[in-house]
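Below is one structure, written out as structure tokens; the observations come after it.
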Amino acid sequence: MKKINSLLVILFIACAACAQQTESEVKAENPITLNYSTELIVPDLNIPWGLAFLPDGSMLITEKSGTLIHFKDGQKTTIEGAPEVYPRGQGGFLDIQLHPDYENNGWIYMTYSSQEGEGDGGNTALMRAKLSSNSLVEKQVLYKAVPNTKKGQHWGSRIAFDNEGYLYFSVGDRGNRDVNPQDITKDGGKIYRLNDDGSIPADNPFVNTENAKIAIFSYGHRNPQGMARNPFTGAIWVNEHGPQGGDEINIIQKAKNYGWPIISYGINYDGSSFTDLTEKEGMEQPLFYWVPSIAPCGMTIVSSNKYPDWKGNVLVGSLKFKYLERLVLENNKVIKREKLFEDIGRVRNVIEAPNGYIYIAVEGKGIYKIVPKQ
């Protein structure tokens, strides 16, 4: 592909937007948004990052600043013993996920920015623990990315389990795009796969590769802040922040290279180009990409019968434009886009709860429930 100068960048963005339909066109074609409203369930939260539902229907909520909140019967309680976070830039207390067999084993998994290990600064860590009364106990750090760095960007990090019980989590490139994402001997810019106890699955793709980080499942990622198991196929899907343009949705496959920063549909924040390529042999194309960027965060694939108009659709939060985006797919191709609940705020997470209702976490506000209108 020929080099993109500033004029071509403008034309490229305009053409890409037309090819994907403009948001106003999609809205006009999808009036079913009127079938749903939002109800604020958990008020007065600052940056609610992770959200998990306990078997009794109560919620565990991570605040990026480092607090773990238990919300039950209308009351918020701070859980003692939360991991100590390194609150720098985009780092802090990140995702939280229950073990698929939580009712029998009680394990809770968390990602967070950690100063543990050598060197100044921090990097992304994965911990598991159990909840006893009002405290986390039996805490075990299962993975800690290295090296520590004082950079504040691109920590990731989401957690998901697949149908076989393997645990996946993401770590962003930590602001070192030219080194970490393409090098499997280094942490950062990767999706990792572990057994639920933190051990390495015997069939992980790089277990026999010299000096490789053997927890790696896929590489060439930038900053994945959305992750979900597709309830219809079992595949792990992620969304990740691009630079200026080029946010992506990818279906994660073993040993695959997702291209960052060698291929990208984005450009530098100053408008200059950092790569001439949008595709290359041996590197995966995204299922979908956004130009311009929406700053995606959180993701769920709707399976609930409570939202029949949305079943099979992908919901993604937009930090930049302060809405929830609905993507309609056919044969893994996005055919329609719709903005939901415009100006609700910076949507940090979206999750379909075990009770079938969808909840969204909004910065500076709290947790909303999406309510079907009668």
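Data overview
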item	result
Approximate shape of the range 76-121 as ellipsoid semi-axes (Cα gyration tensor, √5λ), whole Å, largest first	25, 13, 10
Calculated log₁₀ intensity ratio I(q)/I(0) where the Debye formula runs over C-alpha points of the range 26-114, q = 0.16, 0.22 Å⁻¹	-0.72, -1.05
³J(HN,Hα) computed for each position of the range 36-46 - Karplus, 6.51 cos²θ - 1.76 cosθ + 1.60, integer Hz, glycine/proline x	9, 9, 10, 10, 6, 9, 10, x, 6, 10, 8
Ranked list, fewest to most other Cβ atoms within 10 Å of each Cβ, for GLU84, GLU164	GLU164, GLU84
Order of VAL334, VAL362 under a 10 Å beta carbon neighbour criterion, fewest first	VAL334, VAL362
Residue among VAL362, VAL171, ALA235 farthest towards the positive dipole end of the range 19-372, charges placed on Cβ	VAL362
Share of pairwise Cα separations in the range 78-222, more than 25 Å, in percent	25
Residue order, fewest to most surrounding Cβ atoms within 10 angstrom, among SER133, SER218	SER133, SER218
Cα gyration tensor, the range 190-334 - rounded (a/c under 1.5), prolate or oblate	oblate
Gaussian network model of the chain, Cα within-10 Å springs - most flexible of ASP95, ASP44, ASP162	ASP44
Candidates per trypsin sites (Lys or Arg not before Pro) in the range 302-351, loop by DSSP, up to 14 other Cβ within 10 Å	LYS311
Greater than 26 Å apart at Cα, pairs in LYS64/LYS144; LYS72/LYS306; LYS72/LYS130; LYS150/LYS256; LYS139/LYS190; LYS64/LYS320	LYS150/LYS256
Largest-first ellipsoid semi-axes for the chain, taking √(5λ) over the Cα gyration tensor eigenvalues, angstrom	29, 27, 19
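Read-outs throughout are calculated quantities, based only on the coordinates presented, and are distinct from any laboratory measurement. No experiment lies behind these values; they were computed from the predicted model shown. A quick note on method: Cβ atoms are made from the backbone with ideal geometry, for glycine too, and the neighbour counts reach across all protein chains shown.
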